[in-house]
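Right, one structure below, let's go through it.
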Amino acid sequence: MVPADPPRPPGSGRSSPEAAGTRRLAGDAAGVAEAARLLCAGGIVAFPTETVYGLGARAADGRAVARVFEAKGRPAFNPLIVHVASAAEAEALAEAGPEARALMAAFWPGPLALVLPVRPGAAVAPLVLAGLPTVALRMPDHPLARALLEAAGPLAAPSANPSGRVSPTEAGHVLAGLGGRIDAVLDGGPCPVGVESTIVMPDAEGGARLLRAGGLPAEAIEAALGAALRVETDPARVVAPGQTASHYAPRGRLRLEAMEAGPGEVLVGFGPVRGEMSLSPSGDLREAAANLFAVLHRLDAAGVERIAVAPVPETGLGRAINDRLRRAAAPRG
Ligand code: TXA
Ligand code: MG
């Protein structure tokens, strides 16, 4: 499905070359068609989702997937999320039990990735799985992502940032981080949710584990399951290999729970704590999630070295926001 657009002259989706060989494609039917053509030819293309921009390769194309790891500088033991156009497509790749089906029905398309046992012989390159017997699957809720998935999916896609850095929520962030290393970015403007998907793994006992807090509040998942999510706290048993302490890091140092700016610091406010900028002046967690990475990118671009961030409550989307802030503040590995 492609968003309705007036007819355009041929080639209007092929915007000007930018960032040494990486093209910025317009977020219209022609741009989607060109992105799909590049992907089907083994290319790697960044595309918008409701959470953050992903760097896509066709999931079955091992060479293209290898280029994704290379472009990001991502360790090959960190598996990728496979993006699908429907729950049926997900079930062709993985085995879904009753909990997984209930969660797909309740929350797809949307910011929820499910880790499920991969079907033997599924058309997914081994590098996508990084040796795990499971695959992370997600159906994004964004018209351009869905149109692209209909045309060229399933797509393996990590967030479209250099490994360890802040995820991109605008096409300009993608070009700043990966320009020259990827074929194109499909420009869909800012991502409405702004933090990555929530990752959940149903378990044998009929419940589910929360592997990463994200754009779908854990409370909503618990309400749908009628049970609390289990949270893995033993780092030795963490199953989402990308969940290392330092991640999502801007270049500057971060201090959390700040009520005011210290010497040399730029204060990022929230609610009543006023700063030079604010995640949300009204204390709205959705607005704060949508602004979070753009604020960190802006501070990076300005070369700010000391960042203080106001407290954010640990409920709903606040859990994902605080998770990303704590990783951003963690000592660098
Ligand atoms: O919102 C999102 O999820 C974005 C957009 C582009 O969809 N994608 C994203 O991908 O955040 P990435 O690669 O940056 O994060 C994926 C996470 C990693 O922490 C990875 O370790 C975990 O998912 N993961 C992938 N496959 C897994 C598996 N089979 N078991 C456990 N964790 C898995
Ligand atoms: Mg990422």
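With the simple model of a label 7 Å out from the Cα in the direction of the Cβ, Ala76 to Asp284 spans 4.6 nm.
Which one of Ala41, Pro126, Ala29 has its Cα pushed farthest toward the positive end of the charge dipole of segment 11-129, where Lys and Arg give +1 and Asp and Glu give -1 at the Cβ? Towards the positive end, the residue furthest out is Ala41. Short-range pairs are left out: with C-alpha atoms under 8 Å and at least six residues apart, the relative contact order of segment 250-333 is 39 percent. Converting phi to 3J(HN,Hα) with the Karplus coefficients 6.51, -1.76 and 1.60 and the offset θ = phi - 60°, segment 186-203 yields 8, 8, x, x, x, 7, x, 7, x, 10, 5, 5, 6, 10, 10, 10, x, 10 Hz in sequence order, with x at every glycine or proline.
For segment 256-295, GluC sites (Glu not before Pro) meeting the loop criterion (DSSP other than H, G, I, E, B) and having at most 16 other Cβ atoms within 10 Å: Glu257, Glu260, Glu276.
Would you mind calculating the relative contact order of the chain from Cα pairs under 8 angstrom and at least 6 residues apart, reporting the percent as a whole number?
Numbers: 774 pairs, mean separation 63.4, N = 333.
Computed value for the chain: 19 percent relative contact order.
Calculated mean residue ellipticity at 222 nm for the chain: -8500 deg cm²/dmol, from DSSP H runs with n ≥ 4 weighted as -39500 (n - 2.57), summed, divided by the residue count and rounded to 500.
For Ala302 and Glu257 in one chain, what is 0.36 nm times their gap in residues minus the Cα-Cα distance, to one decimal in nm? Mind dumping the intermediate values first?
Working: separation 45, 0.36 × 45 = 16.20 nm, distance 2.23 nm.
Taking 0.36 nm per residue and subtracting the Cα distance, the gain is 14.0 nm.
Quick check: convex hull over the Cα atoms of segment 258-333, volume per residue in Å³, rounded to an integer? Walk me through the numbers on the way to the answer.
Working: hull volume 6.8 nm³, N = 76.
Roughly 89 Å³ of hull volume per residue.
Taking the centroid of alpha carbons for each part, segment 132-201 and segment 39-54 are 6 Å apart.
Looking at segment 19-80, what % of the alpha carbon pairs are farther apart than 20 Å? Could the numbers behind the result be given before it?
On the way: 502 of 1891 pairs.
Roughly 27 percent, once rounded to a whole number.
Expressed as a whole percent, the proportion of Cα-Cα pairs in the chain lying more than 36 Å apart is 16%.
Using DSSP, restrict attention to beta bridges with both residues in the chain and report what percent are antiparallel, rounded to the nearest 5.
45
Provide the FRET efficiency to the nearest 0.05 for the Ala41-Leu132 pair, computing r from the beta carbons and using R0 = 41 Å.
Values: r = 28 Å, r/R0 = 0.69.
Computed FRET efficiency for Ala41 and Leu132 comes out at 0.90.
Taking amide H as placed 1.01 Å from N in the peptide plane, Gly54 has its amide H under 5 Å from the amide H of Phe47, Thr49, Ala160, each at least 5 places away in sequence or on another chain. Of the GluC sites (Glu not before Pro) found in segment 154-211, those in coil by DSSP whose Cβ has at most 16 other Cβ atoms within 10 Å are Glu205.
Working note: Karplus 6.51/-1.76/1.60 with θ = phi - 60° gives segment 134-151 the couplings 10, 9, 8, 10, 8, 10, x, 9, 8, x, 6, 4, 5, 4, 5, 5, 4, 7 Hz, where Gly and Pro are set to x. Cβ crowding within 10 Å, taken as a proxy for footprinting-reagent exposure, orders Thr22, Thr134, Thr49 from fewest neighbours to most as Thr134, Thr22, Thr49.
Read the figures in this text as sums done on the coordinates, not as results from a lab. Keep in mind the model is a prediction, meaning the values are calculated, not measured. Because the Cβ atoms are built from the backbone with ideal geometry, glycine has one as well, and the counts that use them run over all protein chains shown.
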